[in-house]
Every structure is written in C-alpha cells, then in structure tokens.
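Undergrad: What follows is a single structure, and I will ask about it in a moment.
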C-alpha cells in the first residue's frame, strides 16, 4: 500500500470540501441531476419562435439550412410552432420531402403527425412519399395513421395504389372488410410487410374471422413479423395470446 503524503492528503481534503459544499447547496443536487426534459425545453418564447419561422419560411425553397431549421421545429412541444413549420415545409417544394419523410419515422409522435400533415398539404407533388405514408397507415399509432390516411387521399392515384386500399380496410373497414383485407394481404406474403403492426394488433380483433385471417397473413409473411407477434404474447386478451403462440410456432420463430 502506498502511503498518502501530506500534500496529497491536503489535496484530497480540499476536493472533498468542494464536493460537499456543492452537494449541500439548495440547488446542488438538482443541478447535478438536471432532468433531460430541461435540456430540450424551448429557449425562446412561442411568439419569438413563430416570428423566426415566418422569417425563414419564405427562404426554405432554396435554403437547405432553413429547411433543416423548420424540420427541427416539427418536434417543438408547442402545437402552433409545429403547425407553422409544417405549413412552410409544405410550400418548400420537392426538396422538403426527404425532411418530411424522415419525420415520419421520428420517435416523437407529434413530429410524425406534422410530417404526414405537411405531405398531405403538398398533395400529388409529394406522391413519392406514398410508401412511407403507407407504412404509417399500417402502424400502431392511431393518430399518425389517421393523418397518413388523409395525406394519401390527397395524392391522387399514387395514394390509392398498391396495398393501401387493403391496409385502409383492415384498419377502418367493417368486420367483413377487415377479414377480407387480411386474407388478401396474406396472398402477398413478405410484400405486405407494411401492414405487420396492424396485422399483429388484429389478433385482438373482436371478430374471430378477422383475427384468424390476420394470423394466417402473419404466418405467410414469416419471421420478419416475429417481433410484432411476440409483443402480442403480453396482450390482455387470451385469444390474442393464443394466436400469437400458434403464429410463432408455425413460422418457426427463434423465440421458441
């Protein structure tokens, strides 16, 4: 063991005293453990941020930095700020589409909603975003799916093609339409991957024909759907848990 010399012991005592004084301050612990939310809290007021957005909005058509700034504003906790940013992005032309498509996969639900809304405002000009909106239509978040459905309806033929009508019927149709949509999706196998989250949730459908058709579609999609099906093993509905077990066993998921 190396003995602590007098200068080193004095240094350690001094550091201990400093740390103790910081911890004992009324705001010492709070400062050390500042919540993550505080880091993301808006610095400027809502009026200031809206004014800034209105200043850079007209330049976003040609200015990449302005478009990026508006894209960040889609995650703002204030609804007025998000809506204003989405409005300006929808007027920024083709160059804004990648930013809005990226917003659709954001972990922030508000950003996803505003991204879908802005794409809908662009109409047929944003038809290239139809596949991304189709994924959201078949996703788990109802609010995002609702806006994605509206956005697709604004895009003309591209918003009605592919599997979009089937996914729409599976989510919004009556029991007969839901069951038929699930059966049709099963015929596409892995190509119907956009509907995986919705198909997995359909294992809880109150109509047993819909639930069974969804189970068959998930089996045909294969292991790619295994994670979504595994999530249904904790469903509060016994029927859904049983179907999830059967689906996983038939697709020979590594879960078993």
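Undergrad: Starting from the Cα-Cα distance between residue 209 and residue 160, subtract it from 0.36 nm times their residue separation and give me the gain in nm to one decimal.
TA: Full extension from residue 209 to residue 160 adds 15.1 nm.
Undergrad: Could you please state, rounded to a whole Å, how far the C-alpha centre of the range 44-74 is from the C-alpha centre of the range 178-256?
TA: Going from one Cα centre to the other spans 43 Å.
Coordinate-derived values only; no laboratory data. Since this is a predicted model, take the numbers as computed values, not measurements.
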